[in-house]
């Protein structure tokens, strides 16, 4: 058994083997054995499809548990009561499919997976069907979709200025924005403030000390 890695260390892979990463993830995310089985199946499907349509880099797939699964799952710890989510540019399913797996079985749970590329939509639909997830795949450009959701999220989709524009229809209906960003978050925030007014809380990522989660509310056009 490896030592307790603490909340920030899964990203550094302190335990080595993938099974140890999975153990750390289960503890940090509070995932049940059933949820872990679904996540493991999702991981296998991602690996199979990745050969054909290059959803994620091979290197990042090796770090599935800390880099992808835990990075996504931490959002539920910020909004544990939210049941209806939208994931803009859902791509390979992070964070949307991970959220759907962890929300499966909860009354009222629904994750809207919004993706414009047909091949990625087919992958998302295959995982949703195989795991019987509370999720809907919507093939559309994010800016064309208006839904009443509790949380709108995105990961590696667009700079914050554009991302706020994509999410604004849902934010205007009362959604809370939780956007996963990397080390360039401060520069993106400064640029976005030139175009938008918004309330912001910057939260340190638990999967990567250099990452940030931007909690955004109250969006309006800047002057």
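The values are calculated or read from the model by the stated rules, or taken from the named source; none is laboratory data. Keep in mind it's a predicted model, so treat the numbers as computed, not measured. Heads up, the Cβs are rebuilt from the backbone with ideal geometry, glycines too, and the neighbour counts pull from every protein chain shown.
Okay, here's what the table says:
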| item | result |
| --- | --- |
| Residue that is nearest to residue 206 (Cα to Cα) [pool: residues in the range 63-106 that are in contact with a helix residue (DSSP H, G or I) (Cβ under 9 Å, 6 or more places away or on another chain), free of Cβ contacts under 8 Å to residues at least 60 places away in the same chain and assigned to a loop (DSSP other than H, G, I, E, B)] | 63 |
| Checking residue 202 against (1) modelled with pLDDT of 95 or more; (2) surrounded by 14 or more Cβ atoms within 10 Å (Cβ to Cβ), the condition it does not meet | (2) |
| Those residues of the range 32-57 which are under 16 Å from the mean Cα position of the chain (by Cα) and either farther than 19 Å from residue 130 by Cα or not in a helix (DSSP H, G or I) (or both), in sequence order | 55, 56 |
| Flag if residue 138 is crowded, with 17+ Cβ neighbours inside 10 Å, in contact with a strand residue (DSSP E or B) (Cβ under 7 Å, 6 or more places away or on another chain), without any contact (Cβ under 8 Å) to a residue 60 or more places away in the chain and farther than 21 Å from residue 222 by Cβ | yes |
| Given (1) over 30 Å from residue 24 (Cβ atoms); (2) in contact with a strand residue (DSSP E or B) (Cβ under 8 Å, 6 or more places away or on another chain), number of the condition residue 163 does not satisfy | (1) |
| Hits in the range 147-192 (condition: free of Cβ contacts under 8 Å to residues at least 24 places away in the same chain and assigned to a loop (DSSP other than H, G, I, E, B)) | 184 |
| Conditions (1) modelled with pLDDT of 95 or more; (2) within 20 Å of residue 66 (Cα to Cα); number of the one not met by residue 190 | (2) |
| Breaking point among (1) in contact (Cβ under 8 Å) with a residue 24 or more places away in the chain; (2) over 27 Å from residue 33 (Cβ atoms), for residue 144 | (1) |
| The range 157-183 - residue that is surrounded by fewer than 14 Cβ atoms within 10 Å (Cβ to Cβ) and within 23 Å of residue 69 (Cβ to Cβ) and, of those, modelled with the highest pLDDT | 182 |
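Yes/no matrix, rows are residues, columns are (1) buried (at least 16 other Cβ atoms within 10 Å of the Cβ); (2) under 26 Å from residue 158 (Cβ atoms); (3) under 18 Å from the mean Cα position of the chain (by Cα):
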position	(1), (2), (3)
21	yes, no, no
25	yes, no, yes
61	yes, yes, yes
86	yes, yes, yes
91	yes, yes, yes
107	no, no, no
112	yes, yes, yes
